[in-house]
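**Student:** So that we are looking at the same thing, I have put the structure below in structure tokens.
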Amino acid sequence: MGRFTTGVAVVTAVDASGEPQGMTINSLTSISVDPCVLLVSLTVGTRTSNALDAAGRFAVSILGVRQEAVARRFATRGGARFDGVDHELTDSGIPVIQDALVHADCRVEQTADIGDHRIYFGEVDCLRDRAGTGLAFHGGRFGEFRDLGSAEIPWWY
């Protein structure tokens, strides 16, 4: 699947002790427009998946091209990932990455366990976005989208 180019996001939640948890993901999918539902897939038993399970809520920050360092930070194991990373809180108290292109504050509606992963379906309660180019991931490397100059395809959004 490394040949499949994806966007890059950080999923966050607050654990049972009130500590923020988060990890870099590229398994993010829009499932429904009405209601707006996102899917994220996390390894079972991580601090972040445990926080989602405890809180029943999560947030997604879709990263821009200038946020590779943030993506790398949240992709590492252990440590205090939020230290030194500019972030703010959603209305529901979940941290999101400052200056990300999109912030989606989600309520877990359903989960499904597949192999060593848990899929979370989250209904979006609040969505904020801003202009910019998203950070891309392909073949184990970060990059950016290059517009080929073709016309927009309106049925994609």
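The values are calculated or read from the model by the stated rules, or taken from the named source; none is laboratory data. Keep in mind the model is a prediction, meaning the values are calculated, not measured. Neighbour counts run over all protein chains shown; Cβ positions are idealised from the backbone, glycine included.
Okay, residues lined up against (1) at pLDDT 95 or above; (2) surrounded by 15 or more Cβ atoms within 10 Å (Cβ to Cβ); (3) touching a strand residue (DSSP E or B) at 6+ places or on another chain (Cβ under 7 Å):
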residue: 69; (1), (2), (3): yes, no, no
residue: 90; (1), (2), (3): yes, yes, yes
residue: 95; (1), (2), (3): yes, yes, yes
residue: 101; (1), (2), (3): yes, yes, yes
residue: 112; (1), (2), (3): yes, no, yes
residue: 116; (1), (2), (3): yes, no, yes
residue: 122; (1), (2), (3): yes, yes, yes
residue: 141; (1), (2), (3): no, no, no
residue: 147; (1), (2), (3): no, no, no
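**Student:** Collect the residues in the range 56-89 that are out of contact with any helix residue (DSSP H, G or I) (no Cβ under 7 Å at 6 or more places or on another chain) and under 20 Å from residue 31 (Cβ atoms), keeping them in residue-number order.
**Tutor:** Hits for the range 56-89 are 56, 57, 59, 60, 61, 62.
**Student:** A further question follows. Could you please let me know if residue 84 is farther than 23 Å from residue 5 by Cα and either at pLDDT 95 or above or more than 14 Å from the chain's Cα centre (by Cα) (or both)?
**Tutor:** The answer is yes for residue 84.
**Student:** Please go through the range 1-51 and pick out each residue that is of a type in the set (Ser, Thr, Tyr) and in contact with a strand residue (DSSP E or B) (Cβ under 7 Å, 6 or more places away or on another chain).
**Tutor:** Correct list: 5, 6, 12, 24, 27, 29, 30, 41, 43, 46, 48, 49.
**Student:** Something else: Taking interchain pairs and intrachain pairs at least six residues apart, which have beta carbon atoms under 8 angstrom, with the first residue in the range 1-19 and part of a strand (DSSP E or B) and the second aromatic (Phe, Trp, Tyr) and at pLDDT 90 or above?
**Tutor:** Hits for this filter: 6/137; 7/137; 10/74; 11/58; 12/58; 13/58.
**Student:** May I ask you to say which residue of 110, 21 is of a type outside the set (Asp, Glu) and out of contact with any helix residue (DSSP H, G or I) (no Cβ under 8 Å at 6 or more places or on another chain)?
**Tutor:** 110
**Student:** If you take just the strands (runs of 3 or more DSSP E) that sit entirely in the range 97-157, which of them hold at least 1 residues that are among the acidic types (Asp, Glu) and within 14 Å of residue 8 (Cβ to Cβ)?
**Tutor:** Where strands (runs of 3 or more DSSP E) fall fully within the range 97-157 and carry at least 1 residues being among the acidic types (Asp, Glu) and within 14 Å of residue 8 (Cβ to Cβ), they are 141-144.
**Student:** Among the residues that make up the range 25-44, is at least one of them closer than 18 Å to residue 93 by Cα and modelled with pLDDT of 95 or more?
**Tutor:** no
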